[in-house]
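The values are calculated or read from the model by the stated rules, or taken from the named source; none is laboratory data. If you're wondering where the values come from, they're calculated on a predicted model, not measured in any experiment. A quick note on method: Cβ atoms are made from the backbone with ideal geometry, for glycine too, and the neighbour counts reach across all protein chains shown.
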Amino acid sequence: MLELADILEARERVRETARHTPLSYSHTYSEMTGAEVHLKLENFQRTGAFKIRGATNRIATLSAAEKEAGVVTASAGNHAQGVALAASRAGVDSKIVMPEDAPISKVKATRSYGAEIVLHGADYAEAAERAHEIEREEGRTYVHAFDDEYVMAGQGTLGLEILEDCPDVDTVVVPIGGGGLIGGIATAIEAKAPDVRVIGVQSEGASSVADSLEKGEVVSLDGVETIADGIATRSVGERTFPIIDERVDEVVTVSDEEVAMAVVYLLERSKTMVEGAGAVPLAALLFERFDVDPGETVVPVLSGGNIDLNLLTTVIVRGLVETGRYLKIRTVLKDRPGALEELLAVISAHRANIYAIQHDRTSRDIGMSDTEVEIDLETRGHEHVADLIAAIEERGYEVEALV
Ligand SMILES: Cc1ncc(COP(=O)(O)O)c(C=O)c1O
C-alpha cells in the first residue's frame, strides 16, 4: 500500500513542474460556518488542476527505455492536460485518446501542452479501449488517471503542502472521483498528522464509495449524472479503495444544486473560478454534510478550475435560482390590450428586473381568448421571490415557477 516515503520521493520529482499552490483564509466562509476556513487553491495549479502532480511523478519513474517509447492515456478532462504537460516537461512523447465529441477547448488545450491527440469513440470507455490498443501496438506506458501508486503519490504532495502551510489544520475536505487524490492526501496526513480528519466528498449522482464501503469491495454504478464532470466516475479503483477504506474518516455526498451554489459563491465572494468537482468540498462544508466544531480549522481542497464556459453559464443560472436571485415564471393572461401591462406593473412595483419575456397566444395549452407569458426575472433572494409570486397571485393570476 502507498506510504509516506513514496509521497516524499514524489515531492522531489514534481517540485520543478508542479506549483506549490496557495492556501487562502476566507473570512466569508469562516463567518458562515463558525469554522476557520482556509481554501487550498489548487485551481491555480499549472494546467488548472492537481493532475499534473501525479502525471509528473508517474513519468519521472519510467525507465529510460519506457521514456523513449512514450506514454498514452485516455481522458477528455484534467488528466489529459496533466499528462500532456508532464510528458513535454520530461521530454517524453505523449498520445492522448479523447472521445470524438470532446469539447474543442479541451482538445486545443491538451494539444498546446505538446500531446498528440487521437479522437476516437463515442465515449470515454471506447477512447480508453483505443488507448490500450495503442499501448500494446506501440509499446507505450499507459498512465492511469487514479489507480496507480505513483499517480497517487504525486497527488499526495498536495497533502504535504496543506500540513506545512496550515499546521493547525483539523479537517481536510477532498473530492473523490476515482480516489487518487484522496488516496494520496489521506496517506500523507495519516502518517504526519494522524489526528487530522480527512473527509471525502462525492456527488449524489456518482456516489459509489458509500456502497463500496458497506460491501467491503469496489462497487461500480450503472450510470452517473452530475454537473461535476471531474468526479463523474462509476467506481473508485482497486488500488485506491483499500486506502479510502483505511485512511479516510468519512465520505459524504452533495447535490448538483449545492455544487452550483458553491461555484457561484466562489465566483462572487472569492473571485475564484472553480469547476464543479473542485467545488464539492466547499459545498459539503457550507451545507453541513459533516459536523464542524466552532473554531475548527477546515481546509476544503479546490482541486481544479477548468470549467467549460457553456457549462459555467448553466451552473451560474442554477446557483442563482437556488439562492432566489433568478426566477422564471409562467402565467396565463386574458388576450386583451392592457393585460400584460397590469402584470408588469405588479412586477415593477416589487422592483424585480426583467431579463426576458415571451408572450405567446398560439400556445396549445391555453384557451382561445388567453395568452401565455413566460418571464425571466432578476430577484433579490427567496423572500423577495415569495412576496412577488404572492402579489401576482393576489391579482388573480396562477403562477408556475419554471426553474
Ligand atoms: C477537478 C477534479 N477534482 C477531483 C477529481 C477527482 O480525482 P480522483 O479521480 O483522483 O479521485 C478530478 C478527477 O479528474 C478532477 O478533475
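In the set (1) of a type in the set (A, V, I, L, M); (2) touching a Phe, Trp or Tyr at 6+ places or on another chain (Cβ under 6 Å); (3) assigned to a helix (DSSP H, G or I), the condition left unmet by Ile134 is number (2). Among the conditions (1) out of contact with any helix residue (DSSP H, G or I) (no Cβ under 7 Å at 6 or more places or on another chain); (2) within 16 Å of the ligand (Cβ to nearest atom); (3) among the acidic types (Asp, Glu), Asp308 misses just one, which is (1).
The criterion of at least 1 residues that are over 25 Å from the mean Cα position of the chain (by Cα) and touching a residue at least 40 places away in the same chain (Cβ under 8 Å) is met by the following helices (runs of 4 or more DSSP H) wholly inside the range 295-394: 339-349, 382-394.
Considering (1) assigned to a loop (DSSP other than H, G, I, E, B); (2) away from the ligand (no atom under 16 Å from the Cβ); (3) under 23 Å from Glu116 (Cα atoms), the lone condition that His20 does not fulfil carries the number (3).
For the range 43-56, the count of residues that are more than 14 Å from the ligand (Cβ to nearest atom), more than 25 Å from Ala283 (Cα to Cα) and crowded, with 24+ Cβ neighbours inside 10 Å is at least one. Checking the structure you have, find out if any residue of the range 217-224 is buried (at least 17 other Cβ atoms within 10 Å of the Cβ) and part of a helix (DSSP H, G or I). No, the range 217-224 has no match at all. Does Thr272 fit the bill of being at negative phi, touching a helix residue (DSSP H, G or I) at 6+ places or on another chain (Cβ under 6 Å) and not in a strand (DSSP E or B)? For Thr272, the condition - at negative phi, touching a helix residue (DSSP H, G or I) at 6+ places or on another chain (Cβ under 6 Å) and not in a strand (DSSP E or B) - is met. Can you find a residue that is of a type in the set (Val, Ile, Thr) and within 16 Å of the ligand (Cβ to nearest atom) anywhere in the range 290-302? Within the range 290-302, one or more residues are of a type in the set (Val, Ile, Thr) and within 16 Å of the ligand (Cβ to nearest atom).
Give the residue that is farthest from the ligand (Cβ to nearest atom), with candidates limited to residues of the range 108-128 that are modelled with pLDDT of 95 or more and among the charged types (D, E, K, R). Residue satisfying both the conditions and the ranking: Glu116.
The residue pairs whose first member lies in the range 178-203 and is free of Cβ contacts under 8 Å to residues at least 60 places away in the same chain, whose second member is part of a helix (DSSP H, G or I), and whose beta carbons are closer than 6 Å, counting only pairs six or more residues apart or on different chains, are Ile189/Gly159; Glu190/Arg247; Ala193/Leu163; Val196/Ile189; Val198/Ala186; Val198/Ile189; Gly200/Ile182.
Among the residues of the range 272-292, those identified as buried (at least 24 other Cβ atoms within 10 Å of the Cβ) and β-branched (Val, Ile, Thr) are Val274, Val280. Confirm whether Gly177 is part of a helix (DSSP H, G or I) and within 12 Å of the ligand (Cβ to nearest atom). When the stated conditions are applied, Gly177 does not pass them.
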